[in-house]
Amino acid sequence: MISKTNHDFLYQQVMQLVRDLSEQGTLLPGEKLPSLRKMAEKLNVSIPTVKLAYQSLEAQGLVEAREKSGYFLKTVNTQLARPKRVKLSRAPVSVNMQVLIEQVYDAIHQANVVPFGIANPVAAAPTDKMLSRTMRRVMSIAGSRAINYGAMDGFAPLKKQLIHRYLDFGIGVDSHELVITNGAQEALAIALKCATMPGDVIAIESPCYFGIIELIESLGLKALEIPLCPDDGIWLDDLNQALQDHDIKACVFSTSINNPVGSFMPDHKRKQLVELLESQDVVLIEDDVYGDLHFTPERGIPAQAYSKKGLVLTCSSFSKTAAPSYRVGWLIAGKFAARARRYKRALSCSTSLINQWTLYEFVASGDYERNLKLLRQRLRTNKERMIWCLQQAFPATARISDPQGGCVVWVDLGPSFDSIKLFQLALENGISITPGYIFSATNKYRSCIRLSYGLPWNERVEQAIIKLGELIHLAKK
Ligand SMILES: Cc1ncc(COP(=O)(O)O)c(C=O)c1O
């Protein structure tokens, strides 16, 4: 107990108490520490003493301060335990990953599995009730107009709303260059079609979201993998080298938060990236679907803000923040606007009007922002719980990423481990995971898995992590 006669300072005793509570499991990672006032009252010490203790614990990486929310217990995930840097690929490759990707899609959509394999952050703070209310309102206002074909490039009020949101980052988007798409996936497809020809070399980050690898395959492009730093996005020195060695036509990078590692590219690096690429007239297709789900104090400014030549194409969507099934995304096409509009017309005519209208009302009512705040909090807490559970259940040699946003964590289980075997074993036990193998065009990540914490956290989830830990021992090469 806290004692004034103890030879340690009072704040050091408060620190020790928090450490003890954490070690005993009374306070779990992701949980909120008692408020400064409450703790001070309980321990009969002053508020500044508790504040100093919390700040010192924060400096040691044991707790984190969240704006306007208080202090939360963190898991300790040391630099040494993070995924290692991989080597820059020597040559671009044609891609052939469809069979395994198809198996993964089948698995993650099975009913009643614990869905670590699906990256659906919204499940942590569901929007269904708010959206169904909003959609009913839209139907009553719009009547049969809501089920008609919409404008090819999108519902004008939604476009205007997005343009305003980009203005907050200092980005002036011309309505003509903004096209509403069927999710970010269609935005990425149109962007790639605008900027490349079959056979061209495209730089992608490594590991890379498998939907992009599939797109590259379907468009007959070649992928060159640029290693990703687990902390702050692709290694720019490797990209620089690759630009010297190869005729790269475009790069597809997550410019804020990467899927599957969860790294966060800081603004100064994003600016450097755009300068580097535009100096060599290389197109940057930025994938910003996770941008709003940051755990960092500030959201990353889209790379679009730094473009001087119109060579940055921004792809994003409401899939990770509101409703993946609505399939509403967008593309800011820069100087490729006219081509992008043509491709959109040819590919899918337009995007569901009722869904766009509902999302417009959802944002306009303020519900979107309110839910986003809750969603970020839940994901952040889930991340801490997930990493803590993994540290308990997985071998001590596992290397676990430290996501700075989004809803997934990346785990490297070492060279003797086979993620495809674990994928199959886990499925037999009612758990879906994503094998690392499909996040590379060059079979780099067979020893890795991606796990989603975008779900309602409960006992069943924790039991599933323990089960995975047991199955790992059976999943050797
Ligand atoms: C990194 C990344 N980009 C793009 C997409 C596709 O997003 P959407 O569902 O909006 O098509 C996803 C979906 O999982 C993703 O994780």
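Remarks
- Which listed residue, of 121, 115, 157, is open to solvent by 40 Å² or more (accessible area, probe 1.4 Å) and under 21 Å from residue 381 (Cβ atoms): 115
- Subset tally (residues that are at pLDDT 75 or above and either assigned by TED's automatic domain parsing to the domain that holds residue 238 or open to solvent by 70 Å² or more (accessible area, probe 1.4 Å) (or both)) for region 76-98: 5
- The set of residues in region 419-464 being open to solvent by 40 Å² or more (accessible area, probe 1.4 Å), of a type in the set (S, T, N, Q) and under 20 Å from residue 124 (Cα atoms) consists of 458, 463.
- Number of the condition not met by residue 457 [criteria: (1) assigned to a loop (DSSP other than H, G, I, E, B); (2) more than 21 Å from the chain's Cα centre (by Cα)]: (2)
- Qualifying residue in region 89-101 (condition: within 16 Å of the ligand (Cβ to nearest atom) and over 21 Å from residue 29 (Cα atoms)): yes
- Residues located in region 321-332, provided they are within 9 Å of the ligand (Cβ to nearest atom), open to solvent by less than 20 Å² (accessible area, probe 1.4 Å) and of a type outside the set (Val, Ile, Thr): 329
- Cβ pairs under 7 Å, 6+ apart, first in region 250-265 and closer than 9 Å to residue 287 by Cα, second more than 12 Å from the ligand (Cβ to nearest atom) and charged (D, E, K, R): 255/270
- The single residue among 150, 143 that is in the same structural domain as residue 304 (by TED's automatic domain parsing) and either part of a loop (DSSP other than H, G, I, E, B) or at pLDDT 95 or above (or both) turns out to be 150.
Residues are listed down the side, and each one gets a yes or a no for (1) under 20 Å from residue 465 (Cβ atoms); (2) assigned to a loop (DSSP other than H, G, I, E, B):
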site: 50; (1), (2): no, no
site: 54; (1), (2): no, no
site: 58; (1), (2): no, no
site: 75; (1), (2): yes, yes
site: 85; (1), (2): no, yes
site: 99; (1), (2): no, no
site: 123; (1), (2): yes, no
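- Verdict on residue 138 being surrounded by 14 or more Cβ atoms within 10 Å (Cβ to Cβ) and not in a helix (DSSP H, G or I): no
- Residue within region 333-351 that is assigned to a loop (DSSP other than H, G, I, E, B), within 11 Å of the ligand (Cβ to nearest atom) and within 17 Å of residue 289 (Cα to Cα) present: no
Yes or no, residue by residue, for (1) among the acidic types (Asp, Glu); (2) farther than 30 Å from residue 94 by Cα; (3) touching a Gly at 6+ places or on another chain (Cβ under 8 Å):
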site: 383; (1), (2), (3): no, yes, yes
site: 396; (1), (2), (3): no, yes, no
site: 408; (1), (2), (3): no, no, yes
site: 434; (1), (2), (3): no, no, yes
site: 438; (1), (2), (3): no, no, no
site: 445; (1), (2), (3): no, no, yes
site: 450; (1), (2), (3): no, no, yes
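- Among the residues listed as 305, 340, the single one being within 30 Å of residue 134 (Cβ to Cβ) and either crowded, with 23+ Cβ neighbours inside 10 Å or modelled with pLDDT of 95 or more (or both): 340
- Residues in region 224-241 that are touching a Ser or Thr at 6+ places or on another chain (Cβ under 8 Å), of a type outside the set (D, E, K, R) and more than 18 Å from residue 266 (Cα to Cα): 224 only.
- The residues of region 292-320 that are within 13 Å of the ligand (Cβ to nearest atom) and either over 29 Å from residue 123 (Cβ atoms) or of a type in the set (D, E, K, R) (or both), listed by number, are 292, 320.
- Selected residue (only one of 276, 311 is aliphatic (A, V, I, L, M) and surrounded by fewer than 19 Cβ atoms within 10 Å (Cβ to Cβ)): 276
The values are calculated or read from the model by the stated rules, or taken from the named source; none is laboratory data. Owing to the predicted nature of the structure, the values given are computational and were not obtained by experimental measurement. Methodologically, a virtual Cβ is constructed for each residue, glycine included, from the backbone with ideal geometry; neighbour enumeration extends over all protein chains shown. Ligands, DNA and RNA are stripped out before the accessible areas are found, and what is left, the full protein with its side chains, is counted by its heavy atoms. Shrake-Rupley method; radii C 1.70, N 1.55, O 1.52, S 1.80 Å.
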